[in-house]
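Derivation of every value follows stated rules applied to the coordinates shown; laboratory data play no part. None of these values were measured; they are calculated from a predicted model. Neighbour counts run over all protein chains shown; Cβ positions are idealised from the backbone, glycine included.
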Amino acid sequence: MSPQVTLSAETFGRLQRFAEPLVDDIESVINRLIDHYEIKQGSPIPATTAKEYGGGTAPNLTHTKLLSAEIGGKTLAKVDWNALLVEAVVQAAKKLNDAEELANLIIVKRVVGQKEDMGYRFIDAAGVSVQGQDANGAWKATAHIAKTLHMPVKVLFMWYDNEKAANPGQTGKLTLNTN
């Protein structure tokens, strides 16, 4: 039997401000608040409330923040969508050892060699420049590289509390395992 908790009307009213009508119950709101707190405290994985998306397929990632990411067994120190794509390109460069073949693998705007205008970033370790992407573009390009080269990827992200986000305030996990 689950424990029963009595909340004051004031506390219940405060919880309601974080609830999505006809979707959330008290437990889902509490879990979302705990996730938010754990993330702020630097916990690597929030509570098990993150929805999982496997096989490289992702929901709309507009208005999301990357919380943690691992690709090819390496955990990213800098955690953002473009850093994930850059790491995928670096790991692909090591596997392929051919700049032209690498450029053909990258499905976003890229140039062999150095280009640092118009949103391009030169990736010295790969010998290519890649144009910066939004979350959706960065994930799509990363997943393409990872699938092609059989690199496992684990990503934890959170939608901002924005009405234009697919799932405001919620967390998600993207996994791509090629084993």
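General observations
- Counting only DSSP H runs of at least 4 residues, each contributing -39500 (n - 2.57), and dividing by the residue count of the chain, the helix-based mean residue ellipticity at 222 nm comes to -10500 deg cm²/dmol.
- Label-point separation in nm, ARG121 to LEU149, each point 7 Å along Cα→Cβ: 1.6 nm
- For the chain, size of Cβ-based charge dipole, Lys and Arg +1, Asp and Glu -1, in debye: 300 debye
- One chain, two ends: ASN60 and ASP25. Fully extended at 0.36 nm per residue, the span grows by 10.2 nm beyond their Cα-Cα distance.
- Phi-based couplings in Hz for region 136-148 (Karplus 6.51, -1.76, 1.60; Gly and Pro marked x): 5, x, 5, 5, 4, 5, 5, 4, 4, 4, 4, 5, 4
- Long-range amide H partners of SER68 with built H, under 5 Å: LEU156
- Sites ASN162 and VAL79 - FRET efficiency at Förster radius 22 Å, r taken between beta-carbons, to 0.05: 0.70
- As a length-normalised measure over Cα pairs under 8 Å and 6 or more apart, the relative contact order of region 1-153 settles at 19 percent.
- Gain on full extension, evaluated as 0.36 nm per residue between ILE107 and ARG17 minus their Cα-Cα distance, stands at 28.2 nm.
- The chain: most fluctuating residue of THR142, THR11, THR57 per GNM, C-alpha cutoff 10 Å: THR11
- Highest-MSF residue in the chain out of ALA135, ALA125, ALA93 [GNM, Cα springs under 10 Å]: ALA125
- Cα-based shape type of the chain, given that a ≥ b ≥ c are square roots of the gyration tensor eigenvalues and the cut on a/c is 1.5: prolate
- Measuring r between the beta carbons of ASN177 and GLU10 and using R0 = 41 Å, the FRET efficiency lands at 0.35.
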